[in-house]
Amino acid sequence: MEKIYHAVQLDTDKCTGCINCIKCCPTGAIRVRAGKAKILKELCIDCGECIRVCPTHAMKPIYDRLNVMDGYEHKVALLSPTIFGQIRNLDDLDYVMTAFKKIGFDDVFETSRAAELVSEATRKYMNAGNYEYPVISSACPAVVKLIQLKFPDLCSHVLPIKSPMHIAAKMAREEAINKTGLDSNKIGVFYISPCTAEVTESKNPIIDGETDIDGVIGICEVYHQLVATMEKLEKVEPIANSGLIGVSWAIDGGESAALMSSHYLSADGINNATNVLEEIEEKKFKRLHFVELRACSAGCVGGVLTVKNPFMAKARTQILRKYLPVSTNHLEKDDIPKEMLFNCELNSVEGMKLSDNLFEALAIMQKIDGIEKKLPGLDCGACGSPSCKTFAEDVALGYSNENDCVFIMRDQVQHFAKQMSLLGMNLGEGRADNIDDIKESE
Amino acid sequence: MSEAVRLSYDVSADDFTHAGEASGAIKRTLKKLGIDMEIVRRVSIAVYEGEINMVIHANGGVIEAAISPTCIEIWLKDKGPGIKDIELAMQEGYSTARDHIRALGFGAGMGLPNIKKYTDEMKIDTEIGVGTTVYMKVNFT
């Protein structure tokens, strides 16, 4: 099995062992053990919720710094459209684009260009097929991982078109090769991202395994330098080539709106996404054709690696896109190009089942039930598991010890204290003829 | 051979907003056990219909479930008024729900027929003035 890479990592020195992260994790992937948080790698979907709530900043996003560019002859910045909403009073995408060329990049490419192609391809896909509705967007890697892990039956509903990030990277690389005549390995394509899940996705793609991205730089890493550079810009180059549809992908509902259909649902926030998937799994809403889910509030502008308030950024994006042409990028042919499509099936990921064997699973569940009955049901988290139910599971599976529950521990201490004091009294007399008292107290 | 896993849930009277909690919990348990999703879905719908029935007609009650390696059995127990004519109650579209319940969009007369449709076995024990127990069973294979 390949090594699981995650863009969310723990600085154990900073971790105080508080329970904020275990409580907010949507897949229950964190425990506190021996006073430190521990991420269960096979359950983590890189959504970054733990990074948001960690009071000591021990949960950290991992992304590349600007020096990742060193050694490449031609460096291309691939911009997520979320960057535009980060900038105050922006009325022209070219300010941002030009500024990137002043901070070390040779060229700039907008992911929103590929997003417009994905929108067009999705429209074709939806029109052509007779699918098991709803089709679920494949753009948010945290949501795709959530589906693989918790909703295996919905894997077949995921739109089999690669995300704009991957498609844009390929386009940017090809464009750079044509422009410069350089070998591909001398060209570096660096994605400027709002999102930890995209960092993981670029290092370890769910589909395909190959990527044209050489590094992922967090928006927060370049933000201040970018704004300072923009303020000093004398001449703005006309580089931008995105329309309203592409830029709208930065905010929730943007991808859906581009489909020109009313039968869609869009939801933002990882818990909302989970709830929607629960309903879809039960087939509660059959007239729905398309579902757009984003792990972050307000959409990608709410990503962990952004700087500004997500809702402010969303409002700025809405204002900015107003004067853009609808769409400036179009597919060349009638068919969806093969390289835009998934080249394998999206598989589910094991991790939530108790056991592959039903007999064994039932036996474990019996054990969990028995343990849960002894617990106070307060979900205090002091044991290091997110809830009493999860703790019972952890004990049943041998990952925790019953005495990690402070309430069970307290009862035991009380019991021992009582016995000790009775024993002490008897010892005081110098003989143990009151042994019956001890027995009665048990 | 392992014993059956037993679950039990209270259903409160006239509480539509919380109806669906028992079927949700049973669904999550079955998923955890790795039961095929198509079966999980059938059980979930049948229990949901039962829960709604208990809220509408019977002042709530208790839902008990037993999961064995071969099947799930569920008992919906209430102390409601009882069912006068089971044959009629099993007919699609027949309902004795009062107007204010219908105004909420319930009482379409599909509850019991749906339970029958989605389960492998169904039995109704009812006594006027004493209560009703609806038994259902869904096989795993």
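Read-outs throughout are calculated quantities, based only on the coordinates presented, and are distinct from any laboratory measurement. This is a predicted model, so every value here is computed, not measured. Cβ sites come from the backbone with ideal geometry, for glycine too, and all protein chains shown count toward neighbours.
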*asked:* Less than 9 Å Cβ to Cβ from A:Ser156, Lys/Arg counted +1 and Asp/Glu -1: what total charge do the surrounding residues give?
replied: -3
_If I take R0 = 35 Å and measure r between the Cβ atoms of A:Glu132 and B:Leu104 in this structure, what FRET efficiency does the formula 1/(1 + (r/R0)^6) give, to the nearest 0.05?_
0.70
*Please give the average number of partner chain Cβ atoms lying within 10 Å of the Cβ of each residue in A:355-363, rounded to a whole number.*
5
*If each of B:Glu121 and A:Val413 carries a label point 7 Å out from its Cα toward its Cβ, how far apart are those two points in nm?*
5.1 nm
*Take the alpha carbon atoms of segment A:20-147, find their radius of gyration, then divide it by 2.2 N^0.38 Å using N residues; give the quotient.*
1.41
_Cα gyration tensor, chain B - rounded (a/c under 1.5), prolate or oblate_ = prolate
*A:Asn343 versus A:Glu402, label points 7 Å from Cα toward the beta carbon: distance in nm?*
5.5 nm
*Setting aside same-chain residues fewer than 8 positions from B:Lys123, which lysines have a Cα under 29 Å from its Cα?*
A:Lys283, A:Lys284, B:Lys27, B:Lys31, B:Lys32, B:Lys77, B:Lys79, B:Lys84, B:Lys137
*Sum of -39500 (n - 2.57) over DSSP H runs of 4+, divided by residues of chain A (222 nm, nearest 500)*: -12000 deg cm²/dmol
*If each residue's Cβ is checked for other Cβ atoms within 10 Å, how do A:Val189, B:Val5 rank with the fewest at the top?*
B:Val5, A:Val189
*Report the semi-axes of the equivalent ellipsoid for segment A:8-61 in whole Å, largest first, where each axis is √(5λ) for an eigenvalue λ of the Cα gyration tensor.*
15, 12, 10
*Among B:Ala103, B:Ala65, B:Ala19, which one shows the biggest mean-square fluctuation in a GNM of chain B, springs joining Cα atoms closer than 10 Å?*
B:Ala103
*Phi-based couplings in Hz for segment A:275-281 (Karplus 6.51, -1.76, 1.60; Gly and Pro marked x)*: 4, 5, 4, 4, 5, 5, 4
_Charge context of B:Met122, other residues only, Cβ under 15 angstrom, K/R +1, D/E -1_ = -1
*asked:* Between B:Glu73, B:Glu51, B:Glu127, where does the largest GNM mean-square fluctuation fall for chain B, given springs only between Cα atoms within less than 10 Å?
replied: B:Glu127
*FRET efficiency for B:His18 and A:His263, Cβ-Cβ distance as r, R0 = 30 Å, nearest 0.05?*
0.50
*asked:* Tell me whether the protein assembly as shown comes out rounded, prolate or oblate; compute the Cα gyration tensor, take square roots of the eigenvalues as a ≥ b ≥ c, and use a/c under 1.5 as the rounded threshold.
replied: oblate
*asked:* Within 11 Å, Cβ to Cβ, of A:Gly48, how many net charges do the neighbouring residues add up to if Lys/Arg are +1 and Asp/Glu are -1?
replied: -1
*Can you bin segment A:289-384 into rounded, prolate or oblate? Criterion: square roots of the alpha carbon gyration tensor eigenvalues sorted a ≥ b ≥ c, rounded for a/c under 1.5, prolate for a/b above b/c, oblate for the rest.*
oblate
